[in-house]
1. Quick one: compute a quarter of the convex hull surface over the Cα atoms of the chain and quote it in nm².
2. In whole percent, and with a 1.4 Å probe on the protein chains, what portion of the accessible area of region 1-122 is carbon and sulfur?
3. Could you derive backbone 3J(HN,Hα) for region 6-22 from the dihedral phi with the Karplus parameters 6.51, -1.76 and 1.60 (θ = phi - 60°), listing whole Hz in sequence and x where the residue is Gly or Pro?
4. For Ser65, Ser12, Ser186, give me the order by solvent-accessible area with a 1.4 Å probe, most accessible first, ignoring ligands, DNA and RNA.
5. Taking θ as phi - 60°, what are the ³J(HN,Hα) couplings along region 131-145 by the Karplus curve (6.51, -1.76, 1.60), each to the nearest whole Hz, with x for Gly and Pro?
6. Show Lys84, Lys55 ordered by accessible area, largest first, where the area counts protein heavy atoms only and the probe is 1.4 Å.
7. Compute the helix-to-body angle for 88-98: its Cα long axis versus the longest principal axis of the chain, expressed 0 to 90° and rounded to tens.
8. Starting from the 7 Å offset along Cα-to-Cβ, what nm value, one decimal, do you get for the label separation of Glu27 and Glu80?
Amino acid sequence: MIARRLILASASPRRRQLLEEAGYAFEVDPSDVDEPGPDAGVEPGEYAAGLAWRKARAVARRRGSGLILAADTVCVVGGEILNKPVDRADAERMIRLQEGGDADVITGLCLRRGDRDEWAGAVEVSVVRFRALSDAERVAYLDSGRWEGKSGAYGVQDGDPFVSVARGSFSNVVGLPMERLAALLSAHPSLLD
């Protein structure tokens, strides 16, 4: 485990839970960075990594010191980036796009030292399989509100029976690829000094 305490630039309860379960020492300081949709032609991995970098930079500027961890997770179907749905209709659109197929879940990670201009980043990709839903299942899910605040309008950690991780990191689909985080910390020991 790392000796330096992390500063998580996110309000996500899922990311907090993953860090707690892995035994990381951390505090929470959400970045409050706007998350605009991607510009035309931007690759999904580049988009997620860019948002993670902006979040880490915002917290580093505010804090002045510390090891900041930022992440941004998006779902991608047919080249379309699905962020968090803005309302129920948007959630239904996203669910229908993913039904009966696979979607990529991409997380951009950024570790940044607040006291110097040093950072490291990575992108993790997992594949989620989404089974077709009946109309009743879809309505019940949308009525539940479990889609709120979740990229792609679902949370694999919620035990939803219509979605499963087909390939890659489960924790990535939840919102923070823990294996990639550990590798990033190991590959950049100067961030821990």
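The values are calculated or read from the model by the stated rules, or taken from the named source; none is laboratory data. Because the structure is a prediction, the values reported are computed rather than measured. Here the Cβ positions follow ideal geometry from the backbone for every residue, glycine too, while neighbour counts run over all protein chains shown. With ligands, DNA and RNA removed, areas are computed over all heavy atoms of the protein, side chains included. Shrake-Rupley method; radii C 1.70, N 1.55, O 1.52, S 1.80 Å.
1. Average projection, Cα convex hull of the chain: 10.5 nm².
2. Working: 2560 of 5650 Å².
With neighbouring chains kept in place, the figure for region 1-122 is 45 percent.
3. Karplus-based 3J(HN,Hα) across region 6-22 equals 7, 10, 7, 8, 7, 8, 5, x, 5, 5, 4, 4, 4, 5, 4, 4, 7 Hz.
4. From most exposed to least exposed: Ser186, Ser65, Ser12.
5. Running phi through 6.51 cos²θ - 1.76 cosθ + 1.60 with θ = phi - 60° gives 7, 5, 10, 6, 4, 5, 4, 4, 4, 4, 5, 4, 5, 5, x Hz.
6. Working: Lys84 95, Lys55 15 Å².
My answer, sorted largest first, is Lys84, Lys55.
7. So the helix axis and the longest Cα principal axis differ by about 90 degrees.
8. Distance between the two pseudo-spin positions: 4.2 nm.
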